Amino acid sequence: MKVNGFKIEPGANLRGANLENANLRGANLEDANLMNANLSEADLTGANLSGANLKEADLSDANLRHAKLMGANLKGADLSDADLEYANLEGANLKGADLSDAFLFKVKLLGANLKGADMSGAGLEGANLRNANLADSNLKNACLEDSNLKGADLSGAVLSGATMPDGTIHD
């Protein structure tokens, strides 16, 4: 499959590729190199990005519903306003990523590294954050209602205005 002249396949080298607004529904990009790629507003519904290198990639406003991102490197990636409903990011590295105002309903973030990530205003209802590293992350005004934070590291996290798993608002 080719998109914007780029070959879309597992292990593809798409470093710095411009795939803005691309239709990548169901694409298999497992272990692909998408470092610094522009995937803003791309449709990645159901795509397989497991083990992919998305370091510092632009995924703002992207549709990643039901996407598989297990073990993916999203360090410093821009996922602001992205839709990650039901996405699987188990064991993913999201250190310093921008997830502000992202829609993360029922997302799987088990054991994910979200240290220093900006999740301000994010909708994390029903998210599984079990054993996730949320140290020094910004969860200001985020909604964590019904989410699983068992074993999660919240040391140094900003929680002001966040809706906690039990529905209470954090001071």
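The values are calculated or read from the model by the stated rules, or taken from the named source; none is laboratory data. Not measured: the values here are computed from a predicted model. As a convention, Cβ positions derive from the backbone with ideal geometry for all residues, glycine included, and neighbour counts pool all protein chains shown.
Residues of region 1-32 being closer than 15 Å to ASP58 by Cβ and buried (at least 20 other Cβ atoms within 10 Å of the Cβ), which ones? The answer is LEU14, ALA17, LEU19, ALA22, LEU24.
Between a first residue in region 110-131 that is crowded, with 19+ Cβ neighbours inside 10 Å and a second residue that is modelled with pLDDT under 95, which pairs have beta carbons less than 9 Å apart while being 6 or more apart in sequence or on different chains? Sorted first by the residue in region 110-131, then by its partner, the list stays empty. Does at least one position in region 19-41 carry a residue that is acidic (Asp, Glu), at pLDDT 95 or above and not in a loop (DSSP other than H, G, I, E, B)? Taking every residue of region 19-41 in turn, none turns out to be acidic (Asp, Glu), at pLDDT 95 or above and not in a loop (DSSP other than H, G, I, E, B).
Conditions (1) surrounded by fewer than 24 Cβ atoms within 10 Å (Cβ to Cβ); (2) of a type in the set (Lys, Arg); (3) within 18 Å of ASN28 (Cβ to Cβ), marked per residue:
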| site | (1), (2), (3) |
| --- | --- |
| THR45 | yes, no, yes |
| LEU49 | no, no, yes |
| ALA52 | no, no, yes |
| GLU56 | yes, no, no |
| ASN63 | yes, no, yes |
| LEU69 | no, no, yes |
| LYS75 | yes, yes, no |
| LEU84 | no, no, no |
